[in-house]
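Peer 1: Here you go, one structure.
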Amino acid sequence: MPDAIEERAGVQVLVCDPAGPSVTTTQDALDLIGASYAGAEVVAVPASRLDERFFTLGTRFAGEVMQKFVNYRVRLVVVGDISRRLAASSALRALVHESNKADHVWFVPDLDALDARLRDAA
């Protein structure tokens, strides 16, 4: 399935195809933001599409990507099981915890959890 805008819990979401291109540069993140301008408020990116550097906080790649989404006022949702990465990094655990308390960047295990989160935020 290609990336597609879907209504989920009353919110327009660009749901990214797990088989789509990897997000390896900030330009890739900007391309997703641009695609969201077709009518989406949220971009749901499978964790598998994010370059491994995203989960290695010392590279600062996650911060750069997340900041792009904040700057352009588009919500980023990382979808997928990242438990292995969380177990290996207390810094990543803290980032995910703090992000999930806010409104701009969320980490959820699956699209059902995203739907629940969107309903709760409404």
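Peer 1: Using +1 on the beta carbon of Lys and Arg, -1 on that of Asp and Glu, and nothing else charged, what's the dipole of the chain about the Cα centre, debye to 20? The partial results should precede the final answer.
Peer 2: On the way: 13 positive and 17 negative charges, 94 e Å.
So the dipole magnitude of the chain works out to roughly 460 debye.
Peer 1: Ok, one more. Roughly speaking, what is the stretch gain from D120 to A9, that is 0.36 nm per residue apart minus the C-alpha to C-alpha distance, in nm to one decimal?
Peer 2: On the way: separation 111, 0.36 × 111 = 39.96 nm, distance 0.94 nm.
Residue separation times 0.36 nm, minus the Cα-Cα distance, leaves 39.0 nm.
Peer 1: Determine the share of the chain's accessible area contributed by carbon and sulfur atoms, expressed in whole percent, with a 1.4 angstrom probe.
Peer 2: Values: 3270 of 6360 Å².
Roughly 51 percent of what the probe reaches on the chain is carbon or sulfur.
Peer 1: Return one whole number: the accessible area per residue of the stretch 40-105 in Å², for a 1.4 Å probe. Show your work: numbers first, answer last.
Peer 2: Values: 3410 Å² over 66 residues.
Here the residues of the stretch 40-105 average 52 Å² of exposed surface.
Peer 1: Then there is this: So if I place +1 on the C-beta of Lys and Arg and -1 on the C-beta of Asp and Glu, and nothing else carries charge, what would the dipole magnitude of the stretch 54-117 be about its Cα centre? I want it in debye, nearest 20.
Peer 2: With Lys and Arg at +1 and Asp and Glu at -1, about 240 debye.
Peer 1: Just going by the charge dipole of the stretch 1-118, with Lys and Arg at +1 and Asp and Glu at -1 on Cβ, which of I33, A9, I82 is farthest out on the positive end?
Peer 2: Comparing the listed Cα positions along the dipole, I82 ranks first.
Peer 1: What is the spin-label model distance, in nm, from S48 to D112 if the labels are put 7 Å beyond Cα along the C-beta direction?
Peer 2: Each label point lies 7 Å from its Cα, and together they span 1.8 nm.
Peer 1: Counting only DSSP beta bridges with both residues in the chain, tell me the antiparallel percent, nearest 5. Don't skip to the answer; put the middle values down first.
Peer 2: Details: 5 of 18 bridges.
Close to 30 percent.
Peer 1: Starting from the Cα-Cα distance between Y72 and S90, subtract it from 0.36 nm times their residue separation and give me the gain in nm to one decimal. Spell out each step's value before the answer.
Peer 2: Details: separation 18, 0.36 × 18 = 6.48 nm, distance 2.84 nm.
Between Y72 and S90, full extension yields an extra 3.6 nm.
Peer 1: When the helix-only estimate is applied to the chain (DSSP H runs of n ≥ 4, each -39,500 (n - 2.57), divided by the residue count), what is the mean residue ellipticity at 222 nm, nearest 500 deg cm²/dmol? Each step should come with its number before you reach the end.
Peer 2: Numbers: 5 runs with 51 residues, N = 122.
So the calculated ellipticity at 222 nm is -12500 deg cm²/dmol.
Peer 1: With every protein chain left in place and a probe of 1.4 Å, what is the accessible surface of E41, to the nearest 10 Å²?
Peer 2: Approximately 90 Å² of E41 is accessible to the 1.4 Å probe.
Peer 1: Here is a follow-up. For a protection proxy built on the mean count of beta-carbon atoms within 10 angstrom, sort 20-28, 69-77 highest first, please.
Peer 2: Values: 20-28: 14.2, 69-77: 17.8.
Highest mean packing first, the order is 69-77, 20-28.
Peer 1: If you don't mind, another one. Out of (1) 15.0, 48; (2) 13.2, 37; (3) 15.0, 44, which label holds the value of Rg and Dmax of the Cα atoms in Å that was computed here?
Peer 2: Step by step, Rg and Dmax of the Cα atoms in Å for this structure corresponds to label (2).
Peer 1: Also, I was wondering about something else. Which one, S22, A62, A91, projects farthest toward the positive side of the charge dipole computed for the chain from Cβ point charges (K/R +1, D/E -1)?
Peer 2: Result: A91.
The values are calculated or read from the model by the stated rules, or taken from the named source; none is laboratory data. Quick caveat: nothing in here was measured; it's all calculated off a predicted structure. Glycine gets a Cβ as well: all are built from the backbone with ideal geometry, and neighbour counts include every protein chain shown. These accessible areas exclude ligands, DNA and RNA; they are computed on the full protein's heavy atoms, side chains included. Shrake-Rupley method; radii C 1.70, N 1.55, O 1.52, S 1.80 Å.
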